[in-house]
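Computed from the coordinates by the stated procedures, all read-outs in this text should not be read as laboratory data. Treat the numbers as computed from the prediction; the structure is a model and nothing was measured. Cβ sites come from the backbone with ideal geometry, for glycine too, and all protein chains shown count toward neighbours.
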Amino acid sequence: MSETVQSQAGLGRGGGRHLQLHIFRYNPQLPGDQPRMQTYEVEEREGMTLFIALNEIREQQDPSLQFDFVCRAGICGSCGMVINGRPDLACHTLTAKFPDGEITLLPLPAFELIGDLSVDTGKFMRAVSERIEGWIHSADAEGVDINRLEARMDPDLAEQIYEIDRCIECGCCISACGTKRMRPDFLGAVGFIHVARFHLDTRDQRSDDDWYEILGDDDGIFGCMSLLGCEDNCPKNLPHQTQIAFLRRKMALVR
Amino acid sequence: MKIVYTDSLVIGAGLAGLRVAIASRMRGQDTLILSLIPSKRSHSAAAQGGMQASLGAATRGEGDNEDVHFADTVKGSDWGCDQVVARMFTHTAPKAIRQLAAWGVPWSRVRAGDHQVVVNAERVTIREREEAHGLIMARDFGGTKKWRTCYTADGTGHSMLYAMGNKAIELNIPVLERQEAIALIHNGDRCHGAIVRNLITGELVAYVATATTIATGGYGHIYKVSTNAVIVEGMGAAIALETGRAPLGNMEAVQFHPTAIVPAGILTTEGCRGDGGVLRDVDGYRFMPDYEPEKKELASRDVVSRRMTEHIRKGKGVPSRYGDHLWLDITLLGKEHIEHNLREVQEICQYFLGIDPVKDFIPVRPTQHYSMGGVRTSRTGESAGLRGLFAVGEAACWDLHGFNRLGGNSVSETAVSGMIVGEYVADYCEGATLDISTGVIRGFLEREDAYIGQLVNRSSGEHVYELRDAMQQIMMEKVGIFRNGGQLQQALDELKALLRRSQNLALRNRIRSSNPELVDALRLPRMLKLAICVTKGALQRTESRGAHTREDYPERNDRDWLKRTLAYWKNETDEEPTLEYEDLDIMQMELPPGFRGYGVDTAIPHSDTARRQQQIDEIKKSMPDADRYTLQTALMPFELPAKFREKNERIGVGYA
């Protein structure tokens with residue numbers, strides 16, 4: 001089922017392309033509402049991103065349209081959605097990227113739908129952190145004397161940790177994961193990259209045996225089918241497969 | 001009527017809010033955080049460049065300590081800050097960063113040996129000390145005497161927010177997401193929590209708390225273009241203002257960052273210039289040394305933003321369809337440095353401009369960036385008007401920054417003030433009892449419910465986005481970097497007209513549950529009140545200080561204006577705030593007003609300045625053998641929670 005909202009008078013005068021945005025609509029809060037696709041027409045301007053286009057639709061055409069943006073600069077991970085079939089951040093997607101001007105937007109699958117393009121990644125990511133206990137486990141962390149020189153760290157190690165600490169929990173890897181579809185409790189790449197980060201960090205005193213308790217089954221590292229959806233669709237270009245392969249080998253050696 | 005009770009209620013889950021909540025939780029109190037969004041998406045994540053703390057491990061940071069950081073901060077504020085707060089802050093900053101290191105932040109570390117760096121557009125070699133190898137590194141930032149800005153590549157805020165967020169998860173602190181506080185519950189001079197709207201279901205719930213802390217960030221989006229995240233709309237400050245009791249401080253103090261990209265308004269970090277990048281004009285000419293021969297591109301932010309605007313006004317801007325801009329040139333830093341230390345900048349350029357900063361100049365323009373003003377608090381972080389109400393971070397006017405904040409001091413303030421104020425919040429919770437009738441709570445709930453009902457039921461009226469756009473344009477055009485009396489008066493009149501019109505908003509999407517238009521409609525009148533506070537404060541302040549620049553009053557005027565603006569919204573029907581002023585007492589200052597070192601010294605002095613300087617000289621002379629701590633205490637003693645009073649160790653100097 002599809003309906004078209006006509007662009008307002010005045011649009012088109014700038015001479016830009018007319019983009020067709022086909023957007024998934026459904027508000028679970030509204031009794032009787034049905035999932036459907038709705039098409040909006042927007043006149044393209046130079047440098048237009050999906051952030052700009054979606055806000056223009058909300059302000060000028062349809063104030064009920066739900067979506068999430070926070071930083072609109074590609075660093076907070078709020079605006080993951082499926083854009084012409086692939087999960088990505090809407091804020092850093094330029095409309096110029098689509099030669100035919102047809103853009104289909106769907107909410108990220110695998111997360112609870114809030115409404116239209118908005119999904120609840122927060123609840124999911126908190127559960128991941130709790131499951132892997134995603135914080136530094138150190139017997140002496142609380143006793144650390146903050147008046148004294150900090151513990152030294154190898155500069156290369158600090159850089160390596162930062163490299164995989166760059167995950168923004170946008171959820172694109174989870175939405176792109178084949179295993180996640182088959183195994184609802186599969187930890188997924190976001191969980192693995194966090195584990196890899198703490199595994200690498202010498203401040204975290206957990207042993208491989210400890211990690212095995214968290215990762216050592218088919219909902220963990222052994223469930224990954226290596227379809228590479230996470231790596232292909234990570235907006236931060238994190239090295240998911242290398243980290244997953246590393247963890248799998250480590251865990252295979254434990255028992 | 002749904003009521004949730006807790007000891008410590010924190011509104012906002014960025015760095016400052018998280019840190020207060022962690023302090024409350026560690027002291028054994030029941031703690032709840034409310035947030036519009038998941039915590040790790042907060043605007044704190046956008047702090048790319050770094051956190052100032054005087055660790056002095058980098059070679060160019062040698063000799064740094066609390067005293068140097070203090071002096072930089074006070075000068076940076078154009079003597080508008082509370083110097084006692086600046087002391088509390090600079091003393092605690094090294095502890096905060098070391099605590100965050102223990103909690104997992106992968107701070108970039110000192111690498112011993114020779115390094116090629118770019119300083120003043122030239123390649124120079126700096127040798128890092130063997131004995132400092134592996135300690136926390138620092139980079140150069142504007143307005144600082146030493147390399148003091150500690151960082152993790154250019155993702156400092158992200159790393160800090162994740163470490164802090166993970167700590168909160170470890171401590172099992174609930175973060176209730178997609179919840180918006182729309183009013184504070186108060187009775188007499190005491191705050192008791194907040195009325196909170198669930199952004200998904202639309203349900204209103206009363207959160208009743210012994211202590212309530214506002215940590216909602218600044219009010220950048222009263223301007224059309226801002227580097228701030230889109231949720232930074234000043235709602236914490238606004239609901240405090242609407243109590244009629246809690247004043248906002250120095251709302252006219254608004255910072256414009258020199259280098260946001262055009263047109264998106266997304267920030268490129270000060271680290272670009274700190275690491276050696278330069279600014280160029282339409283001719284490719286590096287113009288900053290002509291204006292500021294000493295600090296050049298690394299003058300304080302307010303200075304660089306003004307100089308850029310001046311240069312554009314001289315016709316030296318680069319014309320574009322989005323208006324004139326200048327160029328930021330980091331090509332001289334080289335591919336390797338950019339890909340390692342300025343990668344977020346590179347990504348932003350690639351995604352939003354389609355250019356590669358390794359070989360292309362970046363189009364930039366000064367853009368609204370930071371709110372020095374906010375909920376006016378005492379040194380303990382408590383509101384000046386309501387007991388039990390605290391504010392922290394950018395939402396507060398604790399008054400660390402006065403009229404201009406130094407780069408690297410904001411993300412630092414979030415962690416440091418969170419630590420300090422967190423202890424005072426916990427003290428308050430231990431000492432106070434909850435004493436409120438459910439009748440009072442019901443009154444607030446019913447008031448908000450009725451207002452929303454009215455809004456949703458109104459069939460015709462004003463359009464929220466049209467009014468918001470008008471407000472944002474007025475602020476851009478008339479309350480920007482350069483201000484004058486005529487334009488400010490016009491802006492004030494126009495904003496008041498918009499406020500009247502905003503009483504008659506009508507929605508096109510008339511439902512109470514998840515409804516973005518309703519959210520915006522609830523915020524708009526509050527944003528207008530903040531905009532009016534900024535504008536009226538700017539109109540009345542007939543001087544130029546820090547980021548507040550009056551073309552018709554170009555001098556800093558210590559004689560008449562060494563004071564902090566306090567804005568009260570005394571009656572619901574008022575159309576503008578009542579402004580009061582709080583004097584800054586020179587006779588209590590450790591560093592009496594002086595010359596900041598930019599341009600020509602035209603400040604109109606205060607009669608106390610010379611007297612206090614003489615007094616300080618005498619105290620110093622009378623204590624020839626005193627160490628710097630003893631001397632500092634003699635000049636301006638300051639209090640801190642007991643656990644943060646000890647001295648800080650530094651490499652090579654120990655605790656000296």
Is region B:176-199 home to any residue that is of a type outside the set (Lys, Arg), within 14 Å of another protein chain (Cβ to nearest Cβ) and in contact with a Phe, Trp or Tyr (Cβ under 8 Å, 6 or more places away or on another chain)? no
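Against the condition assigned to a loop (DSSP other than H, G, I, E, B) and within 12 Å of chain B (Cβ to nearest Cβ), how does A:ILE75 come out, does it pass?
Yes.
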In region A:37-72, the residues that are within 20 Å of A:PHE111 (Cα to Cα), facing another protein chain (nearest Cβ under 7 Å) and either surrounded by fewer than 19 Cβ atoms within 10 Å (Cβ to Cβ) or in contact with a strand residue (DSSP E or B) (Cβ under 6 Å, 6 or more places away or on another chain) (or both): A:GLN66
Enumeration of residues in region B:596-615 that are over 10 Å from B:ILE586 (Cβ atoms) and surrounded by 19 or more Cβ atoms within 10 Å (Cβ to Cβ): B:ARG596, B:TYR598, B:ALA603
I'd like the full set of residues that are touching a Ser or Thr at 6+ places or on another chain (Cβ under 9 Å) and of a type in the set (S, T, N, Q), limited to region B:551-570. B:ASN557
Check off (1) closer than 25 Å to B:TYR424 by Cα; (2) surrounded by fewer than 24 Cβ atoms within 10 Å (Cβ to Cβ) for B:VAL20 and give me the number that stays unchecked. (2)
Of those in region B:24-38 that are among the charged types (D, E, K, R) and part of a loop (DSSP other than H, G, I, E, B), the residue farthest from the other protein chains (Cβ to nearest Cβ) is B:ASP30
Between residues in region B:638-656 that are under 22 Å from B:ASP82 (Cα atoms) and residues that are acidic (Asp, Glu) and surrounded by 12 or more Cβ atoms within 10 Å (Cβ to Cβ), which pairs lie under 7 Å by C-beta distance while being six or more apart or on different chains? B:PRO641/B:GLU423
Flag if B:ASP67 is farther than 30 Å from B:ILE348 by Cβ, more than 14 Å from chain A (Cβ to nearest Cβ), surrounded by fewer than 24 Cβ atoms within 10 Å (Cβ to Cβ) and not aromatic (Phe, Trp, Tyr): yes
Given the criterion in contact with a helix residue (DSSP H, G or I) (Cβ under 8 Å, 6 or more places away or on another chain), among the charged types (D, E, K, R), touching a residue at least 60 places away in the same chain (Cβ under 8 Å) and surrounded by fewer than 24 Cβ atoms within 10 Å (Cβ to Cβ), identify the matching residue among B:ARG127, B:ARG111. B:ARG127
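Can you name every residue in region A:78-94 that is facing chain B (nearest Cβ under 10 Å) and not aliphatic (A, V, I, L, M)?
Selection gives A:SER78, A:CYS79, A:CYS91, A:HIS92, A:THR93.
Restricting to helices (runs of 4 or more DSSP H) lying wholly in region A:142-255: which have 3 or more residues that are within 14 Å of chain B (Cβ to nearest Cβ) and closer than 30 Å to A:ALA73 by Cβ? Explain how you work it out, then say what you get.
Numbers: elements: A:155-165, A:172-175, A:178-182, A:188-200, A:208-215, A:229-233, A:240-252.
Helices (runs of 4 or more DSSP H) meeting the threshold: A:155-165, A:188-200.
Between B:GLU131, B:GLU62, which is within 13 Å of chain A (Cβ to nearest Cβ), charged (D, E, K, R) and over 18 Å from the mean Cα position of the chain (by Cα)? Give the derivation first.
Working: B:GLU62 fails: within 13 Å of chain A (Cβ to nearest Cβ).
Unique residue meeting the criteria: B:GLU131.
Residue-wise test of (1) of a type in the set (Asp, Glu); (2) farther than 13 Å from B:ASN409 by Cα.
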| residue | (1), (2) |
| --- | --- |
| B:ILE33 | no, yes |
| B:ARG41 | no, yes |
| B:ALA46 | no, yes |
| B:GLN52 | no, no |
| B:THR59 | no, yes |
| B:ASP64 | yes, yes |
| B:SER77 | no, no |
| B:ALA86 | no, no |
When B:ALA603 is run through (1) in contact (Cβ under 8 Å) with a residue 24 or more places away in the chain; (2) under 20 Å from B:SER77 (Cβ atoms); (3) out of contact with any strand residue (DSSP E or B) (no Cβ under 8 Å at 6 or more places or on another chain), the failure sits at (3)
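Being in a helix (DSSP H, G or I), closer than 27 Å to A:CYS76 by Cα and out of contact with any Lys or Arg (no Cβ under 7 Å at 6 or more places or on another chain), is that true of even one residue in region B:264-279?
Taking region B:264-279 as the starting set, the residues that turn out to be in a helix (DSSP H, G or I) are B:271-274.
From the residues that got through so far, the ones that are closer than 27 Å to A:CYS76 by Cα too are B:271-274.
Remaining after also requiring out of contact with any Lys or Arg (no Cβ under 7 Å at 6 or more places or on another chain): B:272-273.
Checking region B:264-279: at least one residue is in a helix (DSSP H, G or I), closer than 27 Å to A:CYS76 by Cα and out of contact with any Lys or Arg (no Cβ under 7 Å at 6 or more places or on another chain).
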Number of the condition not met by A:GLU150 [criteria: (1) more than 24 Å from A:GLY188 (Cβ to Cβ); (2) out of contact with any helix residue (DSSP H, G or I) (no Cβ under 6 Å at 6 or more places or on another chain); (3) charged (D, E, K, R)]: (2)
Mind listing whichever residues of region B:541-561 are in a loop (DSSP other than H, G, I, E, B) and either within 12 Å of B:PRO593 (Cβ to Cβ) or within 24 Å of the chain's Cα centre (by Cα) (or both)? B:ARG541, B:THR542, B:GLU543, B:SER544, B:GLY546, B:ALA547, B:ARG556
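Within region B:302-319, restricting attention to residues that are small (Gly, Ala, Ser) and surrounded by fewer than 21 Cβ atoms within 10 Å (Cβ to Cβ), which residue is farthest from B:ALA46 (Cα to Cα)? So that I can check it myself, show each step before the final result.
Step one: list which residues in region B:302-319 are small (Gly, Ala, Ser), which gives B:305, B:315, B:317.
Okay, now just the ones that are also surrounded by fewer than 21 Cβ atoms within 10 Å (Cβ to Cβ), so B:315, B:317.
Values: B:GLY315: 32, B:GLY317: 27 Å.
Ranking the qualifying residues of region B:302-319, first place goes to B:GLY315.
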Which is within 14 Å of chain A (Cβ to nearest Cβ) and of a type in the set (Gly, Ala, Ser), of B:ALA450, B:ALA396, B:ALA470? B:ALA470
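Condition check: of a type outside the set (A, V, I, L, M), assigned to a strand (DSSP E or B) and on the phi < 0 side of the Ramachandran plot. Does B:GLU131 satisfy that? So that I can check it myself, show each step before the final result.
Working: of a type outside the set (A, V, I, L, M): yes; assigned to a strand (DSSP E or B): no; on the phi < 0 side of the Ramachandran plot: yes.
When the stated conditions are applied, B:GLU131 does not pass them.
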Give region B:442-477 a look and list any residue that's among the polar types (S, T, N, Q) and touching a residue at least 12 places away in the same chain (Cβ under 8 Å), or say none. B:ASN457, B:SER459, B:SER460, B:GLN472, B:GLN473
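Kindly indicate which of B:GLN48, B:GLN29 is in contact (Cβ under 8 Å) with a residue 24 or more places away in the chain, surrounded by fewer than 21 Cβ atoms within 10 Å (Cβ to Cβ) and touching a helix residue (DSSP H, G or I) at 6+ places or on another chain (Cβ under 6 Å).
Working: B:GLN48 fails: surrounded by fewer than 21 Cβ atoms within 10 Å (Cβ to Cβ).
The match here is B:GLN29.
Looking only at region B:320-334, count how many residues are among the small types (Gly, Ala, Ser) and closer than 12 Å to B:THR259 by Cα. Give the steps one after another, and end with the answer.
The initial filter retains those residues of region B:320-334 that are among the small types (Gly, Ala, Ser), namely B:320, B:323, B:334.
Going one step further and asking which of them are closer than 12 Å to B:THR259 by Cα, we end up with none.
Total satisfying the criteria: 0.
Going by the structure shown, is B:GLY284 touching a Phe, Trp or Tyr at 6+ places or on another chain (Cβ under 8 Å) and on the phi > 0 side of the Ramachandran plot? Spell out the reasoning first.
On the way: touching a Phe, Trp or Tyr at 6+ places or on another chain (Cβ under 8 Å): yes; on the phi > 0 side of the Ramachandran plot: yes.
It is true that B:GLY284 is touching a Phe, Trp or Tyr at 6+ places or on another chain (Cβ under 8 Å) and on the phi > 0 side of the Ramachandran plot.
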Lone unmet requirement of (1) more than 20 Å from the chain's Cα centre (by Cα); (2) more than 10 Å from chain B (Cβ to nearest Cβ) for A:ALA110: (1)
Please determine whether any residue of region B:39-53 is over 18 Å from the mean Cα position of the chain (by Cα), within 14 Å of chain A (Cβ to nearest Cβ) and part of a loop (DSSP other than H, G, I, E, B). no
Which members of region B:478-531 meet the condition of being surrounded by 16 or more Cβ atoms within 10 Å (Cβ to Cβ), more than 28 Å from the chain's Cα centre (by Cα) and in contact (Cβ under 8 Å) with a residue 60 or more places away in the chain? B:ARG512, B:SER513, B:SER514, B:ASN515
